Ligand SMILES: CC(C)(COP(=O)(O)OP(=O)(O)OC[C@H]1O[C@@H](n2cnc3c(N)ncnc32)[C@H](O)[C@@H]1OP(=O)(O)O)[C@@H](O)C(=O)NCCC(=O)NCCS
């Protein structure tokens, strides 16, 4: 299991004031991380982060340590979510904590299921899915995780 988190971690909903912090988080990700998160190789622009904040079709949660945004997880209305954690803060349970909170939010807003897609080589994401009870479907190109809610 992950080591327990020994610094105060806050998980909360994103607000417009967080645009810069989320942009910085995305700047910390490697091209491989960005591919895992978006399924394309591209640097995320400031404009794209601003667009994420202006759309209403999702809830975005942030993980924060000492005022620094170290993780982000977004759940869309169709039940699909994705998550990213600052490489310097990984393996401390932050990814798991963000997805666990998204599950709670999805359930309390009446969603029937939530799902994620990732690549078969993304061990940490697959591990999060397994730990939190997702049903995993593997094929050569991707893994789909589905969790029935309620
Ligand atoms: C996937 C991701 C969010 C996980 O974040 P994290 O904060 O490291 O996750 P956790 O600490 O909760 O770890 C989850 C599990 O994976 C394991 N794990 C994490 N990184 C690992 C690594 N590099 N090697 C082996 N195991 C690893 C952890 O030990 C933990 O398992 P455990 O509870 O059995 O110990 C992070 O790796 C990331 O941002 N990746 C790039 C973006 C991405 O792939 N997003 C997913 C798309 S949906």
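Quick check: is even one residue across region 44-52 in contact with a strand residue (DSSP E or B) (Cβ under 9 Å, 6 or more places away or on another chain) and either buried (at least 16 other Cβ atoms within 10 Å of the Cβ) or within 28 Å of residue 143 (Cβ to Cβ) (or both)?
yes
For the subset of region 91-100 comprising residues that are more than 18 Å from residue 147 (Cα to Cα) and surrounded by 16 or more Cβ atoms within 10 Å (Cβ to Cβ), which member is nearest to the chain's Cα centre (by Cα)? Even if it seems obvious, please write down each step before you answer.
First, pick out the residues of region 91-100 that are more than 18 Å from residue 147 (Cα to Cα): 91-94.
Checking the rest, the ones that are also surrounded by 16 or more Cβ atoms within 10 Å (Cβ to Cβ) come to 92-94.
Details: 92: 14, 93: 12, 94: 10 Å.
Of everything passing the filter in region 91-100, 94 is nearest to the chain's Cα centre (by Cα).
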Exercise for the section: Can you give me the number of residues within region 53-87 that are within 15 Å of the ligand (Cβ to nearest atom) and in contact with a strand residue (DSSP E or B) (Cβ under 7 Å, 6 or more places away or on another chain)? Expected result: 23
Practice task
Please go through region 101-123 and pick out each residue that is within 15 Å of the ligand (Cβ to nearest atom) and either surrounded by fewer than 16 Cβ atoms within 10 Å (Cβ to Cβ) or part of a strand (DSSP E or B) (or both).
Solution key: 114, 115, 116, 117, 118, 119, 120, 121, 123
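Hey, among 25, 61, which residue is touching a helix residue (DSSP H, G or I) at 6+ places or on another chain (Cβ under 7 Å), surrounded by 14 or more Cβ atoms within 10 Å (Cβ to Cβ), modelled with pLDDT of 95 or more and under 25 Å from residue 126 (Cβ atoms)? Working first, answer last.
Values: 25 fails: touching a helix residue (DSSP H, G or I) at 6+ places or on another chain (Cβ under 7 Å).
That would be 61, the only listed residue that is touching a helix residue (DSSP H, G or I) at 6+ places or on another chain (Cβ under 7 Å), surrounded by 14 or more Cβ atoms within 10 Å (Cβ to Cβ), modelled with pLDDT of 95 or more and under 25 Å from residue 126 (Cβ atoms).
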Fill in the blank from the handout: Exactly one of 87, 120 is without any contact (Cβ under 8 Å) to a residue 60 or more places away in the chain, farther than 20 Å from residue 21 by Cβ and in contact with a helix residue (DSSP H, G or I) (Cβ under 9 Å, 6 or more places away or on another chain), and that one is 120
Completion exercise
The correct count of residues that are free of Cβ contacts under 8 Å to residues at least 12 places away in the same chain and within 8 Å of the ligand (Cβ to nearest atom) in region 124-137 is 1
Practice task
Name, by its number, the condition in (1) farther than 20 Å from residue 125 by Cβ; (2) modelled with pLDDT of 95 or more; (3) exposed (fewer than 13 other Cβ atoms within 10 Å of the Cβ) that does not hold for residue 88.
Solution key: (1)
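The values are calculated or read from the model by the stated rules, or taken from the named source; none is laboratory data. In this text the structure is predicted, and so the values were computed from the model without any measurement. So basically every Cβ, Gly included, is an ideal-geometry build from the backbone, and we count neighbours across all protein chains shown.
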